[in-house]
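Heads up, the thing below is written out as structure tokens.
The values are calculated or read from the model by the stated rules, or taken from the named source; none is laboratory data. These numbers come from a predicted model, not from an experiment. Counting neighbours? That spans all protein chains shown, and the Cβs are built from the backbone with ideal geometry, glycine included. Accessible surface areas use protein heavy atoms only, side chains included; no ligands, DNA or RNA. Shrake-Rupley method; radii C 1.70, N 1.55, O 1.52, S 1.80 Å.
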Amino acid sequence: MKFETLAVHSGPGPDPATGALAPPIHLATTFARDASGTPLGGHTYIRESNPNQSALESALAPLEGGEAALVFASGMAAGVSLLQTLPPGSHVILPHDAYYGFAIAGREFLPRWGLAADFVDMTDVRNLERAMRPETKLVMLETPSNPLMCVVDLAGAIAVARAAGALALVDNTFATPALQRPIALGADVVLHSTTKYFGGHSDVQGGALVFARRSAAYEAAGHVRHILGAVSSPFNSWLVLRGLRTLAVRVAAQAATAMAVARALAEHPGASAVHYPGLPADPGHEVARRQMTAFGAMLSFRARGGREAALRAVGRVRLFSRATSLGGVESLIEHRASSEGPTSTTPQDLVRLSIGLEHADDLVADLRQALDG
Ligand SMILES: *Cc1c(COP(=O)(O)O)cnc(C)c1O
């Protein structure tokens, strides 16, 4: 079945109790058992599993081509729950430009759990080969990356991780399975912040791990969630499931608009560089063309004139909203270094854009007037 069809139909069908096409929200925290003690509907207690969380998992796993999924309270909770399954003494490799939450988790928390983390620029897969150690248990990949939109050769990097017996984890938040399928390229686990494109409307937080196989790692991460408690609430699970039904059309439209915005910025004298793998001149273009069906709806540009010019452009937009995050229907703009705070290594002249569902002409006009002023 094609992705667009799967997005609409994956997971449970109409509610068997009522025939309702839209799934009910089950707020119950505890579930009845029969006289022999067997749970009537397969659930016992909300933290262990619950109907809305399970419905979302069964809908989400096939979209990434995985056998099973676990959903969490946030994208960070999803990633950290997988890291918490690793035995003390394990070494993990994270991208040098990892999402800032994972960069902080790697520096601050992993050592407390007896885990060693190295940050590696994997745009050259040889750097990953050199960084692997006998005790490397997990390699995390992120492409396109945040906020410089660096592209990593997924098949190549995954092969290096797996040859060494390490789990290959891909943060697919930016691309979404509408555009990129890491499991088809050999990944063991795919991570999502469903807060972004899956939810799609800037109104729900969630995270997901999709497992290629119903593996020991799946069981272990499920145990971490059950005991440590980073579950997805019934309402949040329901909202993310509602969002994923329209993922395919939203992302296709957003990616097409992002391409138009990137082309317009590339021609504008106020932008000294544009980071978007869809542009033929982008260093990641060839690899992105091989592993993505379109180039996503995130891009960044460098303001000619440095930090002050970047802040001025961000201050002058009228249609873009000045806000962090991404993946919603409304386009967002941010001075990323300010959002990341004092530990940020993001260039001060960088402006990050999340392209929404407005018309490209209106977005381009807004950026032009902001840069021209
Ligand atoms: C937002 C984001 C996360 C973290 O997700 P939360 O839902 O905010 O915890 C992880 N990775 C990427 C690429 C993200 O954009």
Failed condition for Val160, given (1) touching a residue at least 40 places away in the same chain (Cβ under 8 Å); (2) in contact with a strand residue (DSSP E or B) (Cβ under 8 Å, 6 or more places away or on another chain); (3) among the aliphatic types (A, V, I, L, M)
(1)
Among helices (runs of 4 or more DSSP H) entirely within segment 198-291, at least 1 residues that are open to solvent by less than 10 Å² (accessible area, probe 1.4 Å), over 30 Å from Val71 (Cβ atoms) and not hydroxyl-bearing (Ser, Thr, Tyr) occur in 247-266
Can you find, within segment 11-39, the residue that is least open to solvent (accessible area, probe 1.4 Å) among those that are in contact with a Ser or Thr (Cβ under 8 Å, 6 or more places away or on another chain) and not in a loop (DSSP other than H, G, I, E, B)?
Thr30
Give me the residue from segment 104-119 that is among the hydrophobic types (A, V, I, L, M, F, W, C) and open to solvent by 50 Å² or more (accessible area, probe 1.4 Å) and, out of that set, farthest from Val287 (Cα to Cα).
Trp113
Looking at Ala184, is it more than 14 Å from the chain's Cα centre (by Cα), touching a residue at least 60 places away in the same chain (Cβ under 8 Å), surrounded by fewer than 24 Cβ atoms within 10 Å (Cβ to Cβ) and not assigned by TED's automatic domain parsing to the domain that holds Val287?
yes
So, first residue touching a residue at least 60 places away in the same chain (Cβ under 8 Å) and under 12 Å from Gly101 (Cβ atoms) in segment 74-87, second residue more than 8 Å from the ligand (Cβ to nearest atom) and open to solvent by 20 Å² or more (accessible area, probe 1.4 Å), Cβ within less than 7 Å, six or more apart or across chains; the pairs are Ala77/Ala230
Somewhere in segment 87-98, is a residue among the small types (Gly, Ala, Ser) and crowded, with 22+ Cβ neighbours inside 10 Å?
yes
Of the residues in segment 120-149, those that are within 15 Å of the ligand (Cβ to nearest atom) and either open to solvent by 40 Å² or more (accessible area, probe 1.4 Å) or of a type in the set (Val, Ile, Thr) (or both) come to Thr143, Leu148
Whether any residue in segment 25-37 is within 15 Å of the ligand (Cβ to nearest atom) and assigned by TED's automatic domain parsing to the domain that holds Asn172 is what I want to check.
no
Residue list for segment 72-88, filter: within 9 Å of the ligand (Cβ to nearest atom) and hydroxyl-bearing (Ser, Thr, Tyr)
Ser74
Whichever residue in segment 299-325 is open to solvent by less than 10 Å² (accessible area, probe 1.4 Å) and within 16 Å of the ligand (Cβ to nearest atom) and, among such residues, is nearest to the chain's Cα centre (by Cα)
Leu299
Can you pull out every residue in segment 150-177 that is open to solvent by less than 40 Å² (accessible area, probe 1.4 Å), in a loop (DSSP other than H, G, I, E, B) and more than 17 Å from Arg290 (Cβ to Cβ)?
Ala166, Thr173, Thr176
